[in-house]
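Quick notes on the structure that follows.
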Amino acid sequence: MSYIKPLFRHPKLPKNKIGYTLKEYEGSLSTLCAGCGHDSISAAIVQACFEMSVEPHHVAKISGIGCSSKTPTYFLGNSHGFNSVHGRMPSIATGASMANKDMVYFGVSGDGDTASIGMGQFVHVIRRNLNMVYIVMNNGCYGLTKGQDSATADQGSKSKAGSINPFQAIDLASLAIELGASFVAQSFSGDKQQLVPLIKAAMHHKGFAFLNVISPCVTFNNNPGSTKSYDYVRQHMQTVSTLDFVPESKQITASYDPGKSTRVALHDGSLIQLNKLATDWNPENRISVVNALQEARIRNEILTGLLYVNTEWKDLHGTLNTADKPLNTYSEKELCPGAKKLEEINRAYR
Amino acid sequence: MKPTNTQDPEYYHKVVDCQYACPAHTPVPEYIRLIAAEKYTEAYMVNWESNVFPGILGRTCDRPCEPACRRVRVEEEPVAICRLKRVAADNKGDVRQHMPQGPFPSNGKRIALIGGGPASLTVARDLAPLGYEIHLFDEQIAGGGMMRSQIPSFRLPEKVLNEEVNYILDLGIHTQFLTYVDSLKEIIAKDYDAVFVGTGAPRGRDLPNLPGRKEADAFVHIGIEWLASVAFEHTQSISKKVIVLGGGNTAMDCCRTSRRLGGKEVKVVVRSPFSDMKASPWEKEDAIHEDIQIFDNHVPLSFEVKNGKLIGMMFQKVKAVYDAKGKRQLLPTGEPDAFIEADEVLIAIGQENTFPWIERNLGLDFDQWGMPVVDRTTFQSTHPKVFFGGDAAFGPENVITAVAHGHQAAVSMHLYCEGKDLKKRPSPYTNLISQKMGIHEWSYDSPVTIDQRFVVPQARKSITLKDRKKEVELGFDVPTAFKEAQRCLNCDVQTVFTENRCIECDACMDVCPTSCITFTTNAEEPELREKLLVPALNTQQDLLVSAELKTGRVMVKDEDVCLHCGLCAERCPTSAWDMQKYFYSVTKAHSL
Ligand SMILES: Cc1cc2nc3c(=O)[nH]c(=O)nc-3n(C[C@H](O)[C@H](O)[C@H](O)COP(=O)(O)OP(=O)(O)OC[C@H]3O[C@@H](n4cnc5c(N)ncnc54)[C@H](O)[C@@H]3O)c2cc1C
Ligand SMILES: Cc1ncc(C[n+]2csc(CCOP(=O)(O)OP(=O)(O)O)c2C)c(N)n1
Ligand code: SF4
Ligand code: SF4
Ligand code: SF4
Ligand SMILES: [Mg+2]
């Protein structure tokens, strides 16, 4: 039997600011298929949380159903988690956030979980600009139920069994921008160099941060003719920008050429420096991003990197003007002021 | 970096740290697995083939393998490699049936072995099956050399020694014991086809110029001579107060033997600091356990004699000072000199080679230190017929080194007798074979236990100190041996990478518990080492570097702390990684 993860780690594993190594951010050993892209995304989340020195107990992972939605078991084993119903992750995340606004929320979903059964919830959570990181591990199929085409499978993409997908694909990134998501990025599970800084930036963005990560299903959708295979994605990936995430505490050292790069200050004082590789696009202008996405589609390209960011829109708590202190820290005394107070309130309505 | 050449037999060999460190390159993990499988006879034979004296070495080996063990780097304490060897020897069945069976058809050639220690015995074992007529000369009463005369019975019972010496002598060796060879010329004149000198380093160092040495002579003994006279039962007792001078293995055997022969207050006095003593840590522990006091940083000044009797010794107190290069100097502390009482003193401050019986006009060169000029690979002297090995070749070492020399000398002697080039060494026997049995199934126990090293039980002091022949260590019992064996990381089960299968999904990199694997752009070694997931700072350990992959990156694996857990191969969707057992065996003369 080899399916037991040894407890030993590299003795020289670096420690982060709060004294933890990567080990403290790991979860249990994955039971996904060997080589599944989802595992790489899990590893990127572990790496990002380690590098950000977040306290694991300040993180909650919430997911729906699918191979992708199973991954929270395989990362951040010391954090909170909720494996909800198919497509219903956004409601649980919204409820959790309402109760405790001080946590980092990772919503983990699949293309089936988001673009099919969960589409209604997805649309509304964007509309509300809930402060969370929403990751779609997008493999163009329903992995868990044996690889049927999902709504993000590209038209003309070939399945493992040989059938051609006749339907148009839902482009989740374009949709998110259209619906007003305040942070939209695309990436590839096989490119951690890009993915890790994106996750870090998304965690620091106050509002809805959407990451559409192409994540090949090695078992059902990694065949020639599939547009979500390792080979296809590598050949058709077009990086719009490289991103340096600069936490608030760090001196900015990278040189800055306003013609080629853009700096975006986040709410908490940290900074994103985007080094643009594509020139005809402005990450703070929705129209230019939508255009860039459309043009890429015509060229059969997958645009990756941080596509759009807006730091002005209020997140849900801001819009609802909720209390500064998280709701769950209020005691019964404060939440139930008593019969006298109720009487007073009722009187006001009479 | 260039892609690693795993076709070089030494690449994977080096990954098996213990085997690589073993002078005879014993396939350690192979025999440890056999012990776990309760196949003691097979485990014994794997050892016997490589190191010839499994039962002896399982009790006395200097264990260069253990500090090298990977477990030291991932945990702290090495696998008890040496004491597991003893488990194989203690529990084996009939091993003789697996050994070469004489009489061997003669090849018409005759060989002389001078000295009957482990070096000569190894040559005998390797050459006898080839049909050589072998004549072994030793001045002692039986074979074994210093394993008989020096290593005390409480560490190595005579029964174990006799058994393993006899496996060799019974191959049809012509022995001439109680025969001191006093002329090499005469031996050469007897027309042997080749001669092997395995006479050891038989002279113990003295302190001839220390004041009082002559007057105290009746109470002062040279450690190795004294141990031999105890072993051969010429000496049965010692006085109550004993000083042992020296801090090496001989000193430890002298003090512990003294405790068994009547020594009540036995003190080891050594010039160096305790931590620098040559004795192994476990030897020091055993001595201290037997109530022996160790005085370090004491330099002997004089023997003190009163009324014709030794009353003790004077010592100067020193401290060790190290210069920038780490070179040690012992400087006086300025404290008053110390007097230590004693009735008898054993001098155990080192051994020397001496070859009074080798004529200097035979064309056999000696260097300025009086050592024969011997080739480090072929073990041939400047007299083409004469070969050296063991302590006689390059100075005192240990049993396993003597065995390793013996194997190489035997190869050379055989090549020489066949008229072949001695410099063309036979390549090792190697075999690399997949261990995959199915999904999540490997033919070795891949899970890694976190058990700490188990302690070998000892007999009670009240018993062992009464009888110098009573063995102190009891050896592991079978259940403990199993648990200790499971601590082995199976370093011989190699992570073999096939680049054209890799789809660069990063699964192996993500799953590896000890962050060994990194996919990155190539660079020169120093830079590449720096940019791995965890920088590979231990340059003693190699990097396994692939050829360039599709995305232009390379796979780099730092061999340093790989647990051989197999998870990389388990998580690889295309079997680009596979766990393959590498068997490496030094080619011996008998299989040429
Ligand atoms: C006190 C002590 C304890 C030791 N403990 C250990 C230990 O625990 N583990 C370990 O690995 N090593 C130990 N050693 C070292 C080890 O014993 C030697 O390194 C090893 O035995 C060397 O083997 P060899 O074959 O070279 O020669 P030796 O074992 O020294 O054998 C040489 C033989 O040649 C004979 N001889 C010499 N000259 C002649 C001659 N002219 N004619 C005929 N015969 C001759 C000698 O009588 C002797 O029998 C110890 C050594 C000492 C002194
Ligand atoms: C309400 C409900 N409907 C249908 C299913 C069956 N089902 C399980 S997983 C899944 C699709 C998952 O696809 P995706 O979200 O893309 O995840 P993947 O496995 O591809 O990562 C479906 C339809 C279910 N579990 N629950
Ligand atoms: S079925 Fe596909 S998505 Fe699911 S674990 Fe396997 S490779 Fe990953
Ligand atoms: S773990 Fe086992 S194979 Fe590896 S060095 Fe130690 S004893 Fe040898
Ligand atoms: S066997 Fe593979 S996964 Fe296990 S420690 Fe070694 S490189 Fe890492
Ligand atoms: Mg899917």
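Screening segment B:1-41 for helices (runs of 4 or more DSSP H) wholly inside it with 1 or more residues that are more than 21 Å from the chain's Cα centre (by Cα) returns the ranges B:9-15, B:28-36. Between B:Cys572, B:Cys562, B:Cys505, the distinction of being surrounded by 15 or more Cβ atoms within 10 Å (Cβ to Cβ) and within 16 Å of ligand 4 (Cβ to nearest atom) belongs to B:Cys562 only. Does A:Ala34 qualify as being outside any helix (DSSP H, G or I), more than 16 Å from ligand 4 (Cβ to nearest atom) and at pLDDT below 95? Considered against the rule, which asks whether it is outside any helix (DSSP H, G or I), more than 16 Å from ligand 4 (Cβ to nearest atom) and at pLDDT below 95, A:Ala34 comes out as yes. Checked against (1) at pLDDT 95 or above; (2) over 23 Å from B:Gly200 (Cβ atoms); (3) within 16 Å of ligand 4 (Cβ to nearest atom), B:Glu76 passes all but a single condition, namely (1).
Restricted to segment A:46-66, and to residues there that are touching a helix residue (DSSP H, G or I) at 6+ places or on another chain (Cβ under 6 Å) and within 14 Å of chain B (Cβ to nearest Cβ), the residue that is nearest to ligand 2 (Cβ to nearest atom) is A:Val46.
Yes/no per residue for (1) closer than 20 Å to A:Pro56 by Cα; (2) modelled with pLDDT under 95; (3) within 15 Å of ligand 3 (Cβ to nearest atom):
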residue: A:Ser91; (1), (2), (3): no, no, no
residue: A:Met119; (1), (2), (3): no, no, no
residue: A:Val123; (1), (2), (3): no, no, no
residue: A:Arg128; (1), (2), (3): no, no, no
residue: A:Tyr134; (1), (2), (3): yes, no, no
residue: A:Thr145; (1), (2), (3): no, no, yes
residue: A:Asp149; (1), (2), (3): no, no, yes
residue: A:Ser159; (1), (2), (3): no, yes, yes
residue: A:Asn165; (1), (2), (3): no, no, no
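Of all the residues in segment B:256-301, those that are crowded, with 19+ Cβ neighbours inside 10 Å and either of a type in the set (S, T, N, Q) or not assigned by TED's automatic domain parsing to the domain that holds B:Ser237 (or both) number 3. Identify the single condition in (1) in a loop (DSSP other than H, G, I, E, B); (2) surrounded by 13 or more Cβ atoms within 10 Å (Cβ to Cβ) that B:Ala228 does not satisfy, given that it satisfies every other one. So B:Ala228 meets the others, but not (1).
Looking only at residues in segment A:204-253 that are of a type in the set (Gly, Ala, Ser) and closer than 30 Å to A:Gly318 by Cβ, which one is nearest to the other protein chains (Cβ to nearest Cβ)? Residue satisfying both the conditions and the ranking: A:Ser241.
Of the helices (runs of 4 or more DSSP H) lying entirely inside segment B:384-492, those containing at least 3 residues that are within 24 Å of the chain's Cα centre (by Cα), surrounded by 21 or more Cβ atoms within 10 Å (Cβ to Cβ) and of a type outside the set (Val, Ile, Thr) span B:391-394, B:399-417, B:478-486. Of the strands (runs of 3 or more DSSP E) entirely within segment B:265-337, those holding at least 2 residues that are modelled with pLDDT of 95 or more occupy B:265-269, B:293-295, B:298-306, B:309-322.
Considering segment A:207-290, the qualifying strands (runs of 3 or more DSSP E), each wholly inside and each with 1 or more residues that are at pLDDT 95 or above, run over A:208-214.
Could you list, in sequence order, the residues of segment A:97-124 that are away from ligand 2 (no atom under 13 Å from the Cβ) and closer than 16 Å to A:Ser215 by Cβ? Matches in segment A:97-124: A:Phe106 only. Among the residues of segment B:30-68, those identified as within 11 Å of ligand 4 (Cβ to nearest atom) and within 24 Å of B:Pro100 (Cα to Cα) are B:Glu30, B:Tyr31, B:Ile32. Go through (1) of a type in the set (A, V, I, L, M); (2) surrounded by 17 or more Cβ atoms within 10 Å (Cβ to Cβ); (3) in contact (Cβ under 8 Å) with a residue 60 or more places away in the chain for A:Leu327 and report which single condition fails. Status for A:Leu327: all satisfied but (2).
In segment B:231-243, which residues are crowded, with 24+ Cβ neighbours inside 10 Å and over 29 Å from the mean Cα position of the chain (by Cα)? Residue satisfying the conditions is B:Val242 alone.
Take the conditions over 23 Å from B:Pro157 (Cα atoms) and either outside the structural domain of B:Phe476 (by TED's automatic domain parsing) or within 17 Å of the chain's Cα centre (by Cα) (or both) and apply them to B:Val79. Does it pass? When the stated conditions are applied, B:Val79 passes them. Only one of A:Gln193, A:Gln155, A:Gln186 is surrounded by fewer than 24 Cβ atoms within 10 Å (Cβ to Cβ), outside any helix (DSSP H, G or I) and away from ligand 3 (no atom under 16 Å from the Cβ). Can you tell me which? Sole residue among the options that is surrounded by fewer than 24 Cβ atoms within 10 Å (Cβ to Cβ), outside any helix (DSSP H, G or I) and away from ligand 3 (no atom under 16 Å from the Cβ): A:Gln155.
Taking each residue of segment B:536-562 that is at the interface with chain A (Cβ under 10 Å from one of its Cβ atoms) and looking for partners that are in a strand (DSSP E or B) and away from ligand 3 (no atom under 16 Å from the Cβ) with beta-carbon atoms closer than 6 Å, six or more apart or interchain, yields B:Ala536/B:Asp558; B:Asp558/B:Leu543. In the set B:Ala80, B:Ala142, only one residue is buried (at least 24 other Cβ atoms within 10 Å of the Cβ) and either touching a residue at least 12 places away in the same chain (Cβ under 8 Å) or more than 30 Å from B:Cys491 (Cα to Cα) (or both); that residue is B:Ala80.
Filtered by the rule that a residue be within 24 Å of B:Glu139 (Cβ to Cβ), in contact (Cβ under 8 Å) with a residue 24 or more places away in the chain and assigned to a loop (DSSP other than H, G, I, E, B), segment B:357-380 gives B:Trp357, B:Ile358, B:Glu359, B:Leu362, B:Leu364, B:Met371, B:Phe379. Pairs linking a residue in segment B:109-138 that is farther than 24 Å from B:Asn398 by Cβ to a residue that is of a type in the set (S, T, N, Q) and not in a helix (DSSP H, G or I), with Cβ atoms under 7 Å and 6 or more positions apart or on different chains, are B:Leu130/B:Asn107; B:Gly131/B:Ser106; B:Gly131/B:Asn107; B:Tyr132/B:Asn107; B:Glu133/B:Ser106; B:His135/B:Gln176.
Here is the figure for segment B:563-577: residues that are under 17 Å from B:Ser515 (Cβ atoms), part of a loop (DSSP other than H, G, I, E, B) and more than 7 Å from chain A (Cβ to nearest Cβ) total 1.
Against the definition (surrounded by fewer than 23 Cβ atoms within 10 Å (Cβ to Cβ) and under 19 Å from the mean Cα position of the chain (by Cα)), how does B:Arg125 come out, yes or no? Before the answer, list the steps.
Working: surrounded by fewer than 23 Cβ atoms within 10 Å (Cβ to Cβ): no; under 19 Å from the mean Cα position of the chain (by Cα): yes.
Criteria not met by B:Arg125.
Take the conditions (1) at the interface with chain A (Cβ under 9 Å from one of its Cβ atoms); (2) assigned to a loop (DSSP other than H, G, I, E, B); B:Leu532 misses just one of them, which is (1).
Each row is one residue, and each column tells you yes or no for (1) of a type outside the set (Asp, Glu); (2) touching a helix residue (DSSP H, G or I) at 6+ places or on another chain (Cβ under 6 Å); (3) within 16 Å of ligand 2 (Cβ to nearest atom).
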site	(1), (2), (3)
A:Gly143	yes, yes, yes
A:Lys146	yes, no, yes
A:Pro166	yes, no, no
A:Ile199	yes, yes, no
A:Lys206	yes, no, no
A:Ser215	yes, yes, yes
A:Thr227	yes, no, yes
A:Gln235	yes, no, no
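What about A:Leu22, is it under 22 Å from A:Gly107 (Cβ atoms), within 14 Å of another protein chain (Cβ to nearest Cβ) and buried (at least 17 other Cβ atoms within 10 Å of the Cβ)? Here the answer is no, as A:Leu22 does not meet what is asked.
The values are calculated or read from the model by the stated rules, or taken from the named source; none is laboratory data. Keep in mind that what you see is a predicted model, and the values were worked out from it rather than measured. Because the Cβ atoms are built from the backbone with ideal geometry, glycine has one as well, and the counts that use them run over all protein chains shown.
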